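*Asks:* Can you keep this structure in mind? I'll have questions shortly.
Bear in mind that the values in this text are calculations on the coordinates, not laboratory data. Computed from a predicted structure; not experimentally measured. Neighbour counts run over all protein chains shown; Cβ positions are idealised from the backbone, glycine included.
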Amino acid sequence: MEIIKGFPSTSQDDYQLNMINIIRHAVRNFGKQQIVSRKPGGLFRYTYKDAYARIKRLANALYGLGVKIGDRIGVLEWNTYRYYEMDFGIPGSGAVLLQMNLRLSPPDLSFVVNHAGASFIFVDETLIPIAESIAPQCKTVKGWVILTDKELGDVETKLSPVFSYEEILAEAKEDIEWPNLDEKSAYAACYTTGTTGNPKGVFYSHRNVYLHSVAVVMNMELSYRDCLIELVPMFHAMGWGMPQAATMAGSKLLLPGRYEAVDLGPIVETMVNENVTAGAGAPAIFMPMLEYIRKMDVKPNFKGARFASGATEPPVALMKGFYDMTGAEIIHAYGATETTPLVGLNRLKPWLNEMYTEEQRWDIKRKQGYPPVGIDVKIVDPEGKELPWDGKSSGELLFRGPWITGSYYNAPGTETQFTADGYWKSGDAATIDEEAYIKITDRIKDLIKSGGEWISSVDMENELVSHPAVLEAAVTGVSHPKWEERPIALVVIRPEQKGKVSKEDILAHLGKKFAKWQLPDEILFVDAIPKTSVGKINKKAIRDKYHDIYIGGK
């Protein structure tokens with residue numbers, strides 16, 4: 001858009017909104033506020049002031065390794081205090097934090113490293129096997145920094161050269177003069193998962209993340225009185241920006257470390273002991289958490305707590321269950337890697353209490369919410385014509401604003417995902433009502449969203465038909481009670497190969513290119529693939545026929 005200049009102001013508009021200023025100000029105002037990190041054997045507990053001292057040492061250690069402003073630094077780590085330190089120390093030094101999604105397959109993960117041009121990778125000791133699986137393909141990596149409490153000599157690894165995170169921090173100076181980094185410089189990078197072709201890079205600027213943090217603080221109503229638990233993986237869209245927002249607000253921060261949805265008891269107990277009042281996660285975490293709470297004799301008191309729930313639409317039963325049993329509010333949030341991610345948060349406006357029944361209000365809370373201040377949104381028809389906000393007209397959802405990506409990094413051919421006036425095309429079909437509440441109605445493209453992550457049906461179909469015994473294949477997403485969608489694959493075997501190929505053979509073939517979580521739960525051998533009148537795969541017919549195949553939650 002053309003920028004029209006008005007009468008000049010006298011403001012200090014050259015003061016840069018770079019992210020190191022957030023932690024600097026948090027230490028100044030809330031230096032004694034706690035950061036609590038779960039680790040094997042107990043809790044690690046320190047303050048913002050303590051963290052900042054290590055963040056300064058980290059930046060100096062990076063310089064000691066030869067890291068320059070603009071270098072990309074990969075991170076393979078769980079939700080720990082060390083990740084928190086890297087969230088500020090790496091970008092504060094002028095480098096770019098490359099978030100490495102642990103859910104990606106090794107080929108995709110090595111592509112991300114090479115495409116971003118990472119010079120060093122910081123890796124938790126427990127994740128060394130992942131690092132070792134991609135190391136031979138990582139052409140730009142000069143060294144590996146191991147995140148461990150052990151002596152470096154006691155760590156078994158084939159990686160080389162290796163450095164100890166704790167040792168390089170101990171050897172580095174604490175005093176530092178932070179670079180006055182241009183706010184438009186890249187802060188961190190996150191790559192989309194499972195879209196057609198290779199993952200696509202989104203590089204967030206310091207200004208982008210700074211303003212996104214303001215939006216999270218405002219819409220989650222965070223303050224120094226809160227204790228926020230970071231359930232979202234910090235490698236996924238910056239953990240939805242919650243650690244940065246908590247720091248801006250001066251909130252106590254609880255980092256759960258490595259945990260699994262099948263064993264949430266210790267997490268719930270820690271939440272109770274640390275008086276958690278805010279957080280974010282996916283229904284895939286909140287649902288088993290609710291089941292655990294349901295079995296507790298004494299229910300936790302989370303009255304007044306706000307938990308943003310994204311990735312998939314939270315069931316009403318989940319929202320009601322949390323409210324009735326604990327007093328907590330589950331707030332539906334919406335976004336994507338390309339949107340940093342917050343572009344919708346569902347808080348019930350007070351006047352709606354008078355306009356609707358309780359049941360209708362719960363139904364409203366299923367919507368993806370209204371856009372925060374600073375975000376432009378519209379829905380358009382296939383010709384690009386803007387549609388009315390009447391709650392009925394459905395069109396593709398488009399976003400524009402200071403924390404929306406304007407392009408993908410070094411990805412020729414992706415320009416069509418952006419409009420001439422700067423909107424990013426989400427690929428989601430939605431309605432927007434008179435109150436600005438967004439409601440996703442369908443997928444524009446044949447992408448499968450499972451547990452908040454995208455799986456490309458087209459890429460999977462192409463890989464299936466590359467198997468010598470496969471004649472035709474179709475992949476689509478069908479409803480799943482836990483993951484929103486899971487892929488199902490229909491496979492036509494060549495006549496001469498019938499009876500010679502098993503489901504396990506097909507899954508092993510797919511496993512060469514796709515991560516385990518992306519693989520279909522069901523491979524169905526069929527005689528023919530449903531087609532439309534023009535010969536295209538009829539995915540609607542497939543979804544209709546097999547819509548209840550995962551009802552049992554396989």
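*Asks:* Arrange the following residues from fewest to most other Cβ atoms within 10 Å of their Cβ: E167, E354, E85.
*Replies:* Sorted ascending by nearby Cβ count, the order is E354, E167, E85.
*Asks:* Can you give the helix-only mean residue ellipticity at 222 nm for the chain, where every DSSP H stretch with n ≥ 4 adds -39500 (n - 2.57) and the sum goes over all residues, rounded to the nearest 500 deg cm²/dmol? Before the final figure, lay out the partial values.
*Replies:* Numbers: 16 runs with 155 residues, N = 554.
Helices in the chain give a 222 nm mean residue ellipticity of -8000 deg cm²/dmol.
*Asks:* Next question. Which ³J(HN,Hα) values in Hz, rounded to whole numbers, follow from the phi angles of segment 168-182 under the Karplus curve 6.51 cos²θ - 1.76 cosθ + 1.60, where θ = phi - 60° and Gly and Pro get x?
*Replies:* 5, 5, 5, 7, 8, 6, 8, 5, 8, 10, 5, x, 7, 6, 4
*Asks:* Another one. First obtain the Kirkwood hydrodynamic radius of segment 375-443 from its Cα pairs, then insert it into the Stokes-Einstein equation at 4 °C and 1.567 mPa s, and state the resulting D in µm² per second as a whole number.
*Replies:* Numbers: Rh = 12.5 Å.
In µm²/s, the coefficient rounds to 104.
*Asks:* Rounded to the nearest whole Å³, what is the per residue volume of the convex hull around the Cα atoms of segment 290-411? Write down the numbers at each step before the final one.
*Replies:* Working: hull volume 18.6 nm³, N = 122.
Expressed per residue, the convex hull around the Cα atoms of segment 290-411 is 153 Å³.
*Asks:* Beyond 46 Å, what share of the Cα-Cα pairs of the chain remains, rounded to the nearest whole percent? Walk me through the numbers before you get to the answer.
*Replies:* On the way: 20176 of 153181 pairs.
When every Cα pair of the chain is considered, 13 percent fall beyond 46 Å.
*Asks:* Counting other C-beta atoms within 10 Å, and keeping those with at most 15, which DSSP coil GluC sites (Glu not before Pro) do you find in segment 235-291?
*Replies:* Numbers: sites: E260, E269, E274, E291; in loops: E260, E274.
Hits after loop and neighbour filter: E260.
*Asks:* Report, by chain and number, residues whose modeled amide H sits under 5 Å from the one on F122, excluding near sequence neighbours (fewer than 5 apart, same chain).
*Replies:* G74, V75, L76, V145
*Asks:* Here's another thing I want to ask about it. Restrict the search to segment 1-48; then list the chymotrypsin sites (Phe, Trp or Tyr not before Pro) that DSSP places in a loop and that have at most 12 other Cβ atoms within 10 Å of their Cβ.
*Replies:* On the way: sites: Y15, F30, F44, Y46, Y48; in loops: Y15.
In loop regions of segment 1-48 (DSSP not H, G, I, E or B), the sparsely surrounded chymotrypsin sites (Phe, Trp or Tyr not before Pro) are Y15.
*Asks:* So if each residue of separation counts as 0.36 nm, and I subtract the Cα-Cα distance between R28 and S11, what length gain in nm does that give? Kindly include the intermediate steps, with their values, before the conclusion.
*Replies:* On the way: separation 17, 0.36 × 17 = 6.12 nm, distance 2.34 nm.
Residue separation times 0.36 nm, minus the Cα-Cα distance, leaves 3.8 nm.
*Asks:* Follow-up. At a Förster radius of 35 Å, what calculated FRET efficiency corresponds to the Cβ-Cβ distance of Y323 and E522, to the nearest 0.05?
*Replies:* Working: r = 35 Å, r/R0 = 1.00.
According to the calculation, E is roughly 0.50.
*Asks:* Continuing with the same structure: Using the crude model of +1 on Lys and Arg Cβ and -1 on Asp and Glu Cβ, and no other charge, please compute the dipole size for the chain relative to its Cα centre, in debye to 20. Don't skip to the end; give the middle numbers.
*Replies:* Values: 63 positive and 70 negative charges, 44 e Å.
Computed about the Cα centre, the dipole is about 220 debye.
*Asks:* Then there is this: Sort S37, S164 so that the residue with the fewest other Cβ atoms within 10 Å of its own Cβ comes first and the one with the most comes last. Intermediate values should be presented prior to the final figure.
*Replies:* Numbers: S37 22, S164 19.
If I rank by nearby Cβ atoms, fewest first, I get S164, S37.
*Asks:* Give me, ordered by chain and number, the residues 5 or more places off A95 or on other chains with an amide H under 5 Å from its own placed amide H.
*Replies:* When sequence neighbours closer than 5 places are left aside, the close amide H contacts are G70.
*Asks:* Another one. What percent does the relative contact order of the chain come to when contacts are Cα pairs within less than 8 Å and at least six residues apart? All intermediate terms of the calculation are to be shown ahead of the outcome.
*Replies:* On the way: 1125 pairs, mean separation 59.7, N = 554.
Taking the mean separation of contacting Cα pairs over the length of the chain, I get 11 percent.
*Asks:* Here's a follow-up. Report the calculated FRET efficiency for A469 and T140 (r = Cβ-Cβ distance, R0 = 35 Å), to the nearest 0.05.
*Replies:* Values: r = 38 Å, r/R0 = 1.09.
So the FRET efficiency works out to roughly 0.35.
*Asks:* What's the ranking of 488-496, 153-161 by average number of surrounding C-beta atoms within 10 Å, highest first?
*Replies:* Values: 488-496: 18.6, 153-161: 10.9.
Per-residue Cβ counts within 10 Å, averaged per peptide and sorted highest first, yield 488-496, 153-161.
*Asks:* Compare the peptides 240-249, 369-378 by average per-residue count of other Cβ atoms within 10 angstrom and give them in order, highest first.
*Replies:* Top of the packing list down: 240-249, 369-378.
*Asks:* Give me, ordered by chain and number, the residues 5 or more places off R38 or on other chains with an amide H under 5 Å from its own placed amide H.
*Replies:* Hits under the 5 Å cutoff: F44, L255, G257.
*Asks:* Please identify every one of the chymotrypsin sites (Phe, Trp or Tyr not before Pro) in segment 313-405 that sits in a loop by DSSP and has no more than 16 other beta carbons within 10 Å of its own beta carbon. Display every interim value, and only then the final one.
*Replies:* Numbers: sites: F322, Y323, Y334, W351, Y356, W362, W389, F399, W403; in loops: W351, Y356, W389, W403.
The qualifying sites are W351, Y356.
*Asks:* Computed FRET efficiency, Cβ-Cβ of R494 and A420, R0 35 Å: what is it to the nearest 0.05? List each step's numbers first, then the result.
*Replies:* Working: r = 47 Å, r/R0 = 1.34.
The pair R494/A420 has a calculated efficiency of 0.15.
*Asks:* Related question: Which of the pairs K385/K545; K299/K439; K184/K365; K158/K512; K295/K482 have their Cα atoms more than 26 Å apart in this structure? The partial results should precede the final answer.
*Replies:* Values: K385/K545 34 Å; K299/K439 32 Å; K184/K365 35 Å; K158/K512 22 Å; K295/K482 19 Å.
Violating the 26 Å Cα-Cα cut-off are K385/K545; K299/K439; K184/K365.
*Asks:* Just report the Cα centroid separation between segment 380-415 and segment 261-292, whole Å.
*Replies:* So the separation of the two Cα centres works out to 34 Å.
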